1. Counting only residues that are within 16 Å of ligand 2 (Cβ to nearest atom), give me the strands (runs of 3 or more DSSP E) lying completely in segment 1-96 with at least 3 of them.
2. Consider residue 48 carefully, then state whether it is closer than 30 Å to residue 130 by Cβ and within 12 Å of ligand 1 (Cβ to nearest atom).
3. For segment 155-210, give me the residue count where each residue is basic (Lys, Arg) and within 16 Å of ligand 2 (Cβ to nearest atom).
4. I'd like to know if segment 158-169 contains one or more residues that are modelled with pLDDT of 95 or more and within 28 Å of residue 5 (Cα to Cα).
5. List every residue pair whose Cβ atoms sit under 8 Å apart, with the two residues 6 or more apart in sequence or on different chains, where the first one lies in segment 105-130 and is free of Cβ contacts under 8 Å to residues at least 60 places away in the same chain and the second, anywhere, is aromatic (Phe, Trp, Tyr).
6. Restricting attention to segment 23-37, does a residue exist that is more than 16 Å from residue 153 (Cα to Cα), more than 23 Å from the chain's Cα centre (by Cα) and surrounded by fewer than 18 Cβ atoms within 10 Å (Cβ to Cβ)?
7. With (1) out of contact with any strand residue (DSSP E or B) (no Cβ under 7 Å at 6 or more places or on another chain); (2) closer than 18 Å to residue 180 by Cβ; (3) not acidic (Asp, Glu) as the list, and residue 64 as the residue in question, which single condition is left unmet?
8. With exposed (fewer than 15 other Cβ atoms within 10 Å of the Cβ) and closer than 25 Å to residue 4 by Cβ as the only criterion, which of 117, 82 stands out?
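The values are calculated or read from the model by the stated rules, or taken from the named source; none is laboratory data. Just so you know, these numbers come straight off a predicted model, no measurement behind them. Positions of Cβ are backbone-derived with ideal geometry, glycine not excepted, and every protein chain shown enters the neighbour counts.
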Amino acid sequence: MEHIIEIKNLKKYFGEVKAVDDISFSVNEGELFAFLGLNGAGKSTTINILVGVLTKDSGECYINGLSIDNIEKILPTIGIVFQSSVLDKKLSVYDNLKYRAMLYNITKNEFEDNLKFFTERLELNNILKKPLEKLSGGQKRKVDIVRALIHKPKILILDEPTTGLDPRTRKLVWNFISELIKNENLTVLLTTHYMEEATIADNVVIIDSGKIVAEGSPNVLKNRYASDYLRAYKYDKEILNILSDLKLPYKKSKNCLEIIFKNTESAKDFLVKNNKYFNDLEIVKGSMDDVFLAVTGKELKENI
Ligand SMILES: Nc1ncnc2c1ncn2[C@@H]1O[C@H](COP(=O)(O)OP(=O)(O)O)[C@@H](O)[C@H]1O
Ligand SMILES: [Mg+2]
């Protein structure tokens, strides 16, 4: 099956608020898929509908070819990390995970094997006996992730999983998840407002006020919505006259001349014609920040 998650014309309103307003997208098996948007864009609402926590107003959602109207059949194949932790603060890490595993049809041995594998990799094996309330924020988040994976689901759904994590823990979590995608063909649906996470995704959907405003691979999105920059560090000043004649936008600082192009093709054409004026240069693609600003008119940074 190609699309492991399929969402068609999904709608959810809260009174006047159109939290999710007729969105459709699909996720391929074994990919990292990022659902990107500012606070209040509709990300959690979509995720919560997918996992049966909220009911939809209309539309259709399929996971593994099954409608979410049969949510009990779907739940064993998915693992979810909610935006706010659902762990029991008074219980130990071990008991939290054991009670979770008891909801699934896995043997004690399977549980112990999975627990060992996940807790070792996420550096949690020394704190299994500690109650949740004694853990740091990063440790709790990692336990949330083990909780979601303890039954080895095919699909992992993560709602802003790394918000508030220190850089080292974020890296550890990302390396581990990337490895599961590669080695176990895990599918990951992630909501985020972090650009780095959207940049490493195979596919991205950008949502704004309940509507999808752009979708595609990061490369396709950058080519479509962001400019390319030619940065020259050593150049003949004559090029400034040529830029004026061609009416090409540019910025000049002490060390660098930055010329802005609609796309890589036009940057390449320009360079082929004017190569002799440049000695040291690079062509850089616009970033996902540029894409986000172009499609929503909003800076993602405001949100953090
Ligand atoms: N239970 C609720 N009742 C009323 N409004 C809600 C509820 N949940 C979410 N909303 C509203 O729906 C919109 C989308 O919220 P949400 O899906 O949580 O966004 P995101 O996860 O992208 O930050 C927001 O305007 C939010 O205030
Ligand atoms: Mg949210």
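1. On the way: elements: 3-14, 17-28, 32-36, 58-63, 78-81.
Counting at least 3 such residues, we get 3-14, 17-28, 32-36.
2. Yes, satisfied.
3. 0
4. The answer is yes, given that some residue of segment 158-169 is modelled with pLDDT of 95 or more and within 28 Å of residue 5 (Cα to Cα).
5. 115/94; 121/176; 122/176; 124/118; 128/94; 129/94
6. No, there is no match, as no residue in segment 23-37 is more than 16 Å from residue 153 (Cα to Cα), more than 23 Å from the chain's Cα centre (by Cα) and surrounded by fewer than 18 Cβ atoms within 10 Å (Cβ to Cβ).
7. Result: residue 64 fails condition (1) only.
8. Details: 82 fails: exposed (fewer than 15 other Cβ atoms within 10 Å of the Cβ).
Just one listed residue meets the conditions, 117.
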